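Peer 1: A single structure is presented below for examination.
Values quoted throughout were computed directly from the atomic coordinates according to the rules given, and no laboratory measurement underlies them. Keep in mind it's a predicted model, so treat the numbers as computed, not measured. Here Cβ is always computed from backbone atoms with ideal geometry, including for glycine, and neighbour counts include all displayed protein chains.
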Amino acid sequence: MSTATTPTPDYLKKYYWWAYVDPRALRFWDRPWLTNLILCGYYRRLSNEVIEEFEGDLSGCTLQISVPYGNFTPRLAACVTRSGGTLDLIDVVQAQLKNVSCKIAAADAEVARFIQMDSSALIFSPGVYDRAILYFLLHEQPQDVREKTVAEALRVLKPGGTLVVLDYGKPSLWHPLRYLLLPLLGTIEPFAVALWNRELWELLPSQFSMQRCRKTSYFGGLYQKIVYVKP
Ligand SMILES: C[S@@+](CC[C@H](N)C(=O)[O-])C[C@H]1O[C@@H](n2cnc3c(N)ncnc32)[C@H](O)[C@@H]1O
């Protein structure tokens, strides 16, 4: 586990102290049923959608940028171990890394590194990862940080490497949650609604073509997966 200290970003301290930064938050929020409830019963399905994107082959180097609650990361680590790969897990909050390290099986922890780092300023060299995963991170970030996070994820990917983003999307007009979530997200997740108004591929730096993006929507558009293969 890395012991370097990267400062906690201001937006996280201001808007998400209750979710990730306060030590009591981890004990309260990291419950599978609660994560599933927050994601309207879609937690397992969405986790599968990311893991199955790689068709069982997670050989080589995998990077997961930020560690969410729930069992996504332990499942990913088990798949990486089975494939003979390695897994780098980064998060800007050290307590989150410690928490996830306790959930990963001992054999899988051997292929994993836990590194405290800001997603908008990765300290890795360019072109070292076969795949990078952004699982429900971007909606929590202000637009400028979000753009840097995507640019950094692409920078550290090898040519031919895959970026998978799973996050909120814009629910269709008939979606009842659209009208419930809009005021709720606007209050507690102030940067999330921006994902409704702009397509995720608009975050790609100008040298990357959106033609290489594949988008899949779930639950009436409330969730989306973007897969991008780096040229
Ligand atoms: C992945 S998201 C949450 C996903 C979802 N709400 C869940 O828990 O299932 C939360 C994580 O992102 C981390 N995070 C937020 N901003 C970050 C940044 N700039 N760099 C690295 N990690 C960040 C937080 O510390 C937290 O552990």
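Peer 1: What size of dipole, in debye to the nearest 20, comes out for segment 10-229 about its Cα centre when the only charges are +1 on Lys and Arg C-beta atoms and -1 on Asp and Glu C-beta atoms?
Peer 2: It comes to approximately 340 debye.
Peer 1: If you don't mind, another one. Can you sort Trp174, Trp17, Trp196 by how many other beta carbons sit within 10 Å, fewest first?
Peer 2: Trp174, Trp17, Trp196
Peer 1: For each of Tyr43, Tyr179, count neighbouring Cβ atoms within 10 Å of the residue's Cβ, then give the residues from fewest to most.
Peer 2: Tyr179, Tyr43
Peer 1: Note down the relative contact order for segment 10-229 as a percent, whole number, built from C-alpha pairs under 8 angstrom at least six residues apart.
Peer 2: 17 percent
Peer 1: With no solvent and one point on each alpha carbon, what is the Debye value of log10 I(q)/I(0) for segment 10-229 at q = 0.11, 0.14 Å⁻¹?
Peer 2: -0.50, -0.86
Peer 1: So if a site counts as exposed when it's one of the GluC sites (Glu not before Pro), its DSSP state isn't H, G, I, E or B, and it has at most 15 other Cβ atoms within 10 Å, what's the longest stretch of the chain without one?
Peer 2: 111-198
Peer 1: Once amide H atoms are built 1.01 Å from N in the peptide plane, which residues 5 or more positions from Tyr129, or in another chain, come under 5 Å H to H?
Peer 2: Amide H neighbours of Tyr129: Leu157, Lys158.
Peer 1: Further question: If you find the alpha carbon centre of segment 146-205 and of segment 103-117, how far apart are they in angstrom?
Peer 2: Result: 27 Å between the Cα centres.
Peer 1: Counting only residues 5 or more places away or on other chains, whose amide H sits under 5 Å from the amide H of Leu222 once H atoms are built in the peptide plane?
Peer 2: Here the answer is Ser172, since their amide H atoms fall under 5 Å of that of Leu222.
Peer 1: Continuing with the same structure: Can you count the Lys pairs in the chain whose Cα atoms are under 27 Å apart, with each pair 8 or more apart or on different chains?
Peer 2: 22
Peer 1: List, in order, the whole-Hz ³J(HN,Hα) value for each residue of segment 116-125 obtained from phi through the Karplus relation with A = 6.51, B = -1.76, C = 1.60 and θ = phi - 60°; use x for Gly and Pro.
Peer 2: 6, 6, 8, 4, 8, 8, 5, 8, 7, 6
Peer 1: How would Val165, Val128, Val111 line up from fewest to most surrounding beta-carbon atoms within 10 angstrom?
Peer 2: Val128, Val111, Val165
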